[in-house]
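The values are calculated or read from the model by the stated rules, or taken from the named source; none is laboratory data. Because the structure is a prediction, the values reported are computed rather than measured. Backbone-built Cβ (ideal geometry, glycine too); neighbour counts: all protein chains shown.
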Amino acid sequence: MKPINIYALTRVENLSLISRLERQMSLRKRFLHVKQWEMKSLKAFTDHVTDCIDDAVSFHFYYSFQIPKLGKEFDLLRISDDMVINIELKSFPIADEGIRKQLTQNRYYLATLGKNIRSYTYISEENRLLRLTNGGRLIETDFSKLCEDLAMQKNCYEGNIEELFIEERYIISPLASPDRFLQGEYFLTSQQIDIKKHILKQISRFRQTHTEDDNAVCAQGFTGLPGTGKTLLLYDIAMELSKKQRVCVVHCGSYSEELKKLDDRLKRIDFYQCNSDESYDVADLNDYTAYLVDEAHLLRRDTLDMIIGIAKEKQAPVIFSYDCEDIIAEGEMDRSILHAMEKTDGYKSYRLTNRIRTKSELSSFIQAIVQGSRNNHRKEYPSVSLNYANDIAEAERLLSSFMAEGYTYICDISTSIYGENADISDKNCVIGVENVSFKEYEKVVMIVNSRFNYDDKRCLRSDNVEDKDETVSPVRNLFHGLNRAKSKIALIVIENEAVFEVFLGIAQGWKV
């Protein structure tokens with residue numbers, strides 16, 4: 001998205017000409033979509049600015065820019081070498097606190113640019129201009145101050161603004177970044193906010209209409225692919241529910257050290273670590289007003305039944321967060337826990353679809369190879385490296401080369417070149433796949449050996465999978481391991497021409 005001359009845009013009165021002008025100004029192969037209800041405010045705003053600055057007729061602003069995936073929108077932005085000016089347009093009066101909150105949130109997103117930030121809101125109906133001070137106060141101001149800031153801007157940026165905003169900077173994991181979470185240095189996406197509102201509304205309705213004699217439970221959950229912000233949403237809901245009463249969070253998997261840090265500092269929330277090979281006594285989870293379970297797809301069945309049972313007894317809501325693995329072949333994992341969870345009486349489910357952490361190119365490729373789809377929408381995968389090895393020796397040389405380039409080898413013991421009994425703890429840049437949850441790596445390399453194949457439905461499978469525990473499926477481990485990559489992935493295929501041919505076909509955009 002490139003900046004536009006908003007003065008020129010507001011001088012055109014004829015709506016058909018506006019549409020033509022939008023088409024001319026848009027550089028994204030789509031209409032700019034000027035909001036007609038903002039046109040009056042935009043025109044009044046440009047009138048004031050041009051009254052103050054003679055050459056303002058040539059000023060360019062980014063209009064109605066939205067950070068991809070996050071749903072965060074800015075009305076007007078102007079970015080120079082050392083300053084960002086953000087102006088929000090309002091046609092009708094709005095409460096000052098709402099304005100202050102919006103400008104404060106905008107400042108958080110803009111802070112990643114590393115420049116001074118000037119934040120304004122213009123209300124056209126009242127001809128009122130407000131400014132957010134550096135101290136976070138909202139004050140009345142006039143256009144002379146705004147124009148002074150505009151005049152100070154030199155060498156204004158006119159490139160594609162999307163290149164300045166990297167979405168993953170704004171999304172954190174409470175476990176990977178506990179300090180940032182505890183300090184509130186994050187914002188939810190619009191989709192996360194929407195799901196949060198629905199969940200809290202359902203809890204409020206349940207508490208108003210049910211009694212202890214009902215033997216009912218308010219069970220809800222949300223799922224999504226890796227990188228959609230499930231853990232952040234769950235922990236944020238826990239923070240909201242714990243403002244008045246104590247709640248508990250049951251986390252399935254590792255990260256005991258991070259959980260202890262959160263547990264020590266958040267007294268109104270108790271954190272429990274639940275490993276897949278152990279269960280909890282009911283007494284451990286008594287006396288809470290809400291139960292939240294992260295990585296719920298890793299629960300044991302007896303632990304799931306216990307949590308549902310005590311939630312009914314306490315008339316306490318229970319919320320599950322779990323991975324969406326629908327694209328993985330049915331035979332590769334045991335889905336009985338998910339089926340039992342979703343069949344709970346009155347269960348309401350939600351789905352996160354906006355992937356933040358993994359860039360779209362990598363996400364598209366990972367899903368395509370798991371599904372064996374050559375009819376994918378992308379035609380190029382410059383961040384994907386495919387490599388073939390005729391034997392273990394060749395694979396070791398390739399792997400060493402990638403690790404020397406800064407790739408992290410995410411090792412699945414069942415397919416590792418080091419063997420199932422190898423100790424990888426002393427090897428640099430090698431991480432066991434069981435230890436990568438909530439972690440991110442710039443570049444990831446993984447191994448695909450002769451255990452992999454494609455079935456008649458063109459789904460990636462692994463042979464000799466006798467134990468249906470979902471944590472041991474090589475396909476599942478490959479899927480989750482590759483999803484830890486932020487910028488690049490590499491695959492080394494060993495002695496498996498059939499699978500390599502499909503990978504290559506996907507990468508080159510072949511069609512069936």
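Quick grid of which residues meet (1) free of Cβ contacts under 8 Å to residues at least 12 places away in the same chain; (2) more than 29 Å from the chain's Cα centre (by Cα):
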{"site": "Asp54", "(1), (2)": "yes, yes"}
{"site": "Ser58", "(1), (2)": "no, yes"}
{"site": "Phe65", "(1), (2)": "no, no"}
{"site": "Glu88", "(1), (2)": "no, no"}
{"site": "Ala95", "(1), (2)": "yes, yes"}
{"site": "Tyr109", "(1), (2)": "no, no"}
{"site": "Ser119", "(1), (2)": "no, no"}
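Residue count for segment 178-195, restricted to those that are touching a residue at least 24 places away in the same chain (Cβ under 8 Å) and more than 17 Å from Leu70 (Cβ to Cβ): 3. Of the numbered criteria (1) part of a helix (DSSP H, G or I); (2) surrounded by fewer than 14 Cβ atoms within 10 Å (Cβ to Cβ); (3) touching a residue at least 40 places away in the same chain (Cβ under 8 Å), the one His339 fails is (3). Restricted to segment 268-299, and to residues there that are among the charged types (D, E, K, R) and at pLDDT 85 or above, the residue that is farthest from Asp179 (Cα to Cα) is Glu295. The residues of segment 174-184 that are surrounded by 19 or more Cβ atoms within 10 Å (Cβ to Cβ) and part of a helix (DSSP H, G or I), listed by number, are Pro178, Phe181.
Quick check on segment 361-372. Is at least one of its residues buried (at least 17 other Cβ atoms within 10 Å of the Cβ) and over 24 Å from Thr228 (Cβ atoms)? Among the residues of segment 361-372, not one is buried (at least 17 other Cβ atoms within 10 Å of the Cβ) and over 24 Å from Thr228 (Cβ atoms), which makes the answer no. Confirm whether Tyr108 is in contact with a helix residue (DSSP H, G or I) (Cβ under 7 Å, 6 or more places away or on another chain) and at negative phi. It is false that Tyr108 is in contact with a helix residue (DSSP H, G or I) (Cβ under 7 Å, 6 or more places away or on another chain) and at negative phi.
From the list Asp51, Asp75, the one residue that fits, being modelled with pLDDT of 90 or more and closer than 21 Å to Glu163 by Cβ, is Asp75.
Here's the yes/no breakdown for (1) in a loop (DSSP other than H, G, I, E, B); (2) charged (D, E, K, R):
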residue: Tyr157; (1), (2): yes, no
residue: Glu162; (1), (2): no, yes
residue: Ile172; (1), (2): yes, no
residue: Tyr186; (1), (2): yes, no
residue: Gln191; (1), (2): no, no
residue: Ile195; (1), (2): no, no
residue: Pro226; (1), (2): yes, no
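If the condition is being part of a helix (DSSP H, G or I), surrounded by fewer than 17 Cβ atoms within 10 Å (Cβ to Cβ) and either assigned by TED's automatic domain parsing to the domain that holds His480 or not hydrophobic (A, V, I, L, M, F, W, C) (or both), then segment 283-320 contributes Asp284, Arg301, Asp302, Asp305, Gly309, Glu313. Scan segment 57-93 for residues that are within 20 Å of Arg118 (Cα to Cα), touching a helix residue (DSSP H, G or I) at 6+ places or on another chain (Cβ under 9 Å) and assigned to a loop (DSSP other than H, G, I, E, B) and the total you get is 4.
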